[in-house]
1. Looking at the range 125-154, I want the residues that are on the phi > 0 side of the Ramachandran plot and have a partner that is part of a loop (DSSP other than H, G, I, E, B) with Cβ atoms under 9 Å, at least 6 apart or on another chain. Which pairs are those?
2. Kindly indicate whether residue 130 is in a loop (DSSP other than H, G, I, E, B) and under 24 Å from residue 53 (Cβ atoms).
3. Do we find a residue being touching a residue at least 60 places away in the same chain (Cβ under 8 Å) and in a loop (DSSP other than H, G, I, E, B) anywhere in the range 75-82?
4. Search the range 32-79 for residues being at pLDDT 85 or above, of a type outside the set (Val, Ile, Thr) and farther than 17 Å from residue 5 by Cα, and hand back the single one that is nearest to the chain's Cα centre (by Cα).
5. Given the options 97, 125, name the one that is part of a loop (DSSP other than H, G, I, E, B), touching a helix residue (DSSP H, G or I) at 6+ places or on another chain (Cβ under 9 Å) and surrounded by fewer than 15 Cβ atoms within 10 Å (Cβ to Cβ).
6. Just need a number here: residues in the range 37-89 that are more than 30 Å from residue 105 (Cβ to Cβ) and not β-branched (Val, Ile, Thr).
7. If you take the residues of the range 100-122 that are touching a Leu at 6+ places or on another chain (Cβ under 7 Å) and either among the hydrophobic types (A, V, I, L, M, F, W, C) or not in a helix (DSSP H, G or I) (or both), which of them is surrounded by the fewest Cβ atoms within 10 Å (Cβ to Cβ)?
Amino acid sequence: MKIDELPKSILLKDEHFKKCLDIIIETVRNEIWKENLIKHYTKHGIDHSERISQYLGKLLEDFPTLLSQQERFVLLAAIFLYDIGNQLPKYAGIPIKLTYSIEELEKIRKNHHLSSYEAVKDSIKVNAELPLELNLCKEYTDFIADLCKYHRKLDLKVLRDTI
């Protein structure tokens, strides 16, 4: 999927955001999901992210001005990054190896949202082990990381009222 293939209702018009998102998508496709290190739970690969972006487009069809360009970028970036923790066992405290026990796979899956959060945060550090190409849009990393972290569980009672 390329940026221009996104549904019209969520298209990015800002060239800077388009460039950032395009690089993120290509990096995730080529660096995270290319080999499917962890064969279990592979239904959450790049194709899953592409389907989610299509669903978001459908949800926003009747609300074309609901999200700003920044909000669209953050949401779309998170859509392509939120499940990468499923392929990053090190963030779950498990070394990379050829095979994993059911218990290890369950731990990776259970904590993948936290692993995705950490990977996104780590990606902008100098000499990052897994650069996700967020440096071009570094100021949005915390927002993207939070969406990755909370996509699995969010206690709505702890949210502040921003009004």
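The values are calculated or read from the model by the stated rules, or taken from the named source; none is laboratory data. These numbers come from a predicted model, not from an experiment. Reconstructed Cβ throughout: ideal geometry from the backbone, glycine too, with neighbour counts over all protein chains shown.
1. 133/123
2. So residue 130 fits the description; yes.
3. The first filter runs over the range 75-82 and keeps only residues touching a residue at least 60 places away in the same chain (Cβ under 8 Å), leaving 75-78, 81-82.
Among the residues that remain, those that are also in a loop (DSSP other than H, G, I, E, B) are: 82.
Within the range 75-82, one or more residues are touching a residue at least 60 places away in the same chain (Cβ under 8 Å) and in a loop (DSSP other than H, G, I, E, B).
4. For the range 32-79, the residue satisfying everything is 78.
5. After applying the criteria, what remains is 97.
6. Residues that pass the stated criteria total 16.
7. Applying the filter and picking the extreme gives 119.
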